[in-house]
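Participant: Have a look at this one before I ask anything.
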Amino acid sequence: MQGVYLGPRLRRLRRDLGLTQAGMAADLDISPSYIALMESNQRPLTAETLLRLAKAYKIDFSEFTNAAAPDTVSRLQAMVKDSILMDVDFGSLEVADVAHSFPGVAEALLRLHTAYKEGQFALADKRRQLTSEGCDALDPVAAVRSFLSARRNCFPMLDAASEKLFANITEAGGLTEYLQTHHKIRVRRLPSNVMTGSVRRLDRHRKELLINEILDLPSHQFQLAQQLAYLEFDEAILSTVAEGRFPNDNTRRLAHRALAAYCAAATIMPYAAFARAVDSRRYDIELLARQFGTSFEQTAHRLTTLQKPGQERVPFFFIRVDAAGNISKRLNSGNFPFARHGGGCPLWTVHQVFTTPRKVVTQWLELPEGQRFFSIARTVSAGGGAYGMASVDRSVALVCEAHHAEKLIYAQDHPQIESPTPIGITCSLCHRTACAARSEPPLGRQILPDNLRRADVPYGFSDS
C-alpha cells in the first residue's frame, strides 16, 4: 500500500489528544522530525504508521481517513456555485481535496462566504437611516430575513437535535406525555377569557403549560413543540443567534423566536422522515400535512428548510400576504428575487387566490430578464376557533425555479407552456412597458406627455 498524505488530520488528532510531536513520536516509535514532516505533508503516512496510530490511540481507521465533516464537501460545492464565482473553474476533485486535506481552510472559507452573503443581504435590505445618530440601521424583520436567507433557511445542527427529540417524544407517547415525563410539566387547555390574549403560557410556579382551547390540533401541537424548543434547545438557539451579530435586542428576540419556531417544525416534521415523505408524495402539501398532522402553511414553510448539505430537496421561496398586499412572512432557500425586493405584482396569483378560498392555484411565471418559475398558491386562515372570534385570511405561495417543477405533483396537470404569466419584481423595478396592471413608473424611464396621445396602459414611456 502506498502512503497517503493526511498531514492536517494527523495534526488535528495530535492536538485533540493533547500531545506534543515528541510525545506522539514516542508512542509510535518514530522520530519527532518525521512526525513534523508528515504533518506538513512532506512525507506520507504509510500503512504501517496508520496501523500504529490505530493501535496506540484506539481510533477508527475509516473515520481518520475521512476526517472532514460529512457535509463539508457538499457545503463547499454549494459555495463555489455562487454567482460571484461563476467565472472560476472548480473541479470536483479540487473541492474534495480542500475539504479533506485542509479542513481548517475549508471551514474558514465557508464562514467567510456566509459573512459575505449576510453582507449582501444587509445592503439589499437597508431601509432607512437613524438621522439622530447619523448611522445606518437595519429593519429588525429585514435583518432576520437576511440572517435566514444567508443560511438558506437551514440549520443542520438544530435539525439533528430536533430529530433526536422527536425520537424521545415518540418513545414517551407524544408531546404532552414527554412534557409530563421529562419536565414534570402538565398541559392544560383553557378558555380564551382565562388565557387573556395568549395562545400559550408557561406557568413555572405550578409547572403547567397553558394552551388556548381555540387552537386547532396542528397549532396546539406546534405550540407544545415550540415550548419544548425553548426548554431544551435554548443554549443552541442563542449560540446560533449570536452568529448574526445583531445590533439590538429587538432583532435578537425576533431571530430567537424564528429559530425556536424552526425547531418546533423540525421536531414535528423531522428532517429525514419528512424528506422521504416529500419524495414519495411529490411535494403534495395537503397530503404531507395530513401525514404529519400539520397545517398547510406549516408544511409549506417546512419545505423551504430542506437544504441540508448533501440532502437538499427543491429550493423554494415562500411568501405570505394579506388581502391588502402586506407581507407578513417571507423565506428564501431558492433564487427568487422577490425575496429581496417586495413581491407586489398583481399579476401573480398569490394576490388573486382570495377569490377561490383553500383551492391550490398553480402558475408559470416569467420575469423581465427571462427567468421562469413555478408558483403554488393557496389561502390559509388564522384565528377564529369559536363563535365571535376574529379570523384572518391570508395567501401563501411556494415558488421554485422552472427546472425543478417536474418533481412536483402540481406540475403534472399544468405542464410548462410557451406563454407564462409575465410578472415584475415590483413596479418601480419592472420595465415592461405594456403592462396594464402597473401602479407606478419604473425608475429611470421618461414618461411621455398625453396631451396628444393617451396610451392604453397607465403610463407611456420614451425609448431613451
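Participant: Using only the Cα atoms, work out Rg/Rh for the chain, with Rh taken as the Kirkwood radius, to two decimals.
Facilitator: Rounded to two decimals, Rg over Rh is 1.04.
Participant: With helices defined as uninterrupted DSSP H runs, which ones in the chain have an alpha carbon span along their own long axis of at least 27 Å and mean Kyte-Doolittle hydropathy of at least 0.0?
Facilitator: Long hydrophobic helices here: 103-125, 249-268.
Participant: Let me ask you something else. Quick one: which of Lys164/Lys407; Lys117/Lys308; Lys184/Lys329; Lys164/Lys329 span more than 23 angstrom between C-alpha atoms?
Facilitator: Lys164/Lys407; Lys184/Lys329; Lys164/Lys329
Participant: In units of 2.2 N^0.38 Å, what is the alpha-carbon radius of gyration of region 221-344?
Facilitator: 1.11
Participant: Across bins of 10 angstrom width beginning at 0, how are the C-alpha pair distances of region 323-428 distributed, in whole percent?
Facilitator: Going out from 0 Å in 10 Å bins, region 323-428 shows 14, 45, 31, 9, 2 percent.
Participant: Write down the percent of antiparallel bridges among all DSSP beta bridges whose residues are both part of region 185-295, to the nearest 5.
Facilitator: On the way: 4 of 9 bridges.
Among the beta bridges of region 185-295, antiparallel pairing accounts for roughly 45 percent.
Participant: Ignoring ligands, DNA and RNA, please state the percent of accessible area on region 272-325 from carbon and sulfur, probe 1.4 Å.
Facilitator: 44
Participant: Now for a separate question. Return the long-range amide H neighbours of Glu213 (sequence gap of 5 or more, or a different chain), with a cut-off of under 5 Å between placed amide H atoms.
Facilitator: Long-range HN contacts for Glu213: Leu190, Ser192.
Participant: Calculate for the chain the 222 nm mean residue ellipticity that helices alone would give, adding -39,500 (n - 2.57) per DSSP H run of length 4 or more and normalising by residue count, nearest 500 deg cm²/dmol.
Facilitator: Estimated from H runs of four or more residues: -13000 deg cm²/dmol.
Participant: Something else: What does the charge dipole of the chain about its Cα centre add up to, to the nearest 20 debye, if the Cβ of each Lys and Arg holds +1 and the Cβ of each Asp and Glu holds -1?
Facilitator: 1060
Participant: Still on this structure: Within the chain, what's the longest stretch lacking trypsin sites (Lys or Arg not before Pro) that sit in DSSP loops with no more than 13 other Cβ atoms inside 10 Å? Display every interim value, and only then the final one.
Facilitator: Details: sites that count: Lys58, Lys81, Arg127, Lys184, Arg204, Arg206, Lys207, Arg245, Arg358, Lys359, Arg453, Arg454.
Longest gap between qualifying sites, sites excluded: 246-357.
Participant: For the residue pair Val105 and Ser419, what label-to-label distance in nm results when each label sits 7 Å from Cα along the Cα-to-beta-carbon direction?
Facilitator: With each label placed 7 Å out from Cα toward Cβ, I get 5.5 nm.
Participant: If you take the charge dipole of the chain about its Cα centre, with +1 on Lys and Arg Cβ and -1 on Asp and Glu Cβ, which of Ser295, Ile84, Thr49 is farthest toward its positive end?
Facilitator: Ser295
Participant: Please report the antiparallel percentage of the DSSP beta bridges confined to the chain, to the nearest 5.
Facilitator: 85
Participant: Among Val199, Leu10, Ala382, flag the residue with its Cα farthest along the positive direction of the charge dipole of the chain, charges on Cβ as +1 for Lys/Arg and -1 for Asp/Glu.
Facilitator: Val199
Participant: On to the next question. To the nearest Å, what is the center-to-center distance of region 202-227 and region 290-333, using C-alpha atoms only?
Facilitator: 23
Participant: What longest range of the chain stays clear of loop-exposed GluC sites (Glu not before Pro) (DSSP non-H/G/I/E/B, at most 13 other C-beta within 10 angstrom)?
Facilitator: Working: sites that count: Glu133, Glu369, Glu418.
My reading of the result: 134-368 is the longest stretch.
Participant: Projected onto the charge dipole of the chain (+1 at Lys/Arg Cβ, -1 at Asp/Glu Cβ, origin at the Cα centre), which of Leu367, Gln352, Pro415 gives the Cα projection farthest towards the positive end?
Facilitator: Gln352
Participant: Can you run the Rg to Rh ratio on region 135-230? Use alpha carbon positions and the Kirkwood inverse-distance Rh.
Facilitator: The Rg/Rh ratio comes out at 1.08.
The values are calculated or read from the model by the stated rules, or taken from the named source; none is laboratory data. Predicted model only: the values in this text are computed from it and were never measured. So basically every Cβ, Gly included, is an ideal-geometry build from the backbone, and we count neighbours across all protein chains shown. When the accessible area is computed, the model is the full protein with side chains, heavy atoms only, and any ligands, DNA or RNA have been set aside. Shrake-Rupley method; radii C 1.70, N 1.55, O 1.52, S 1.80 Å.
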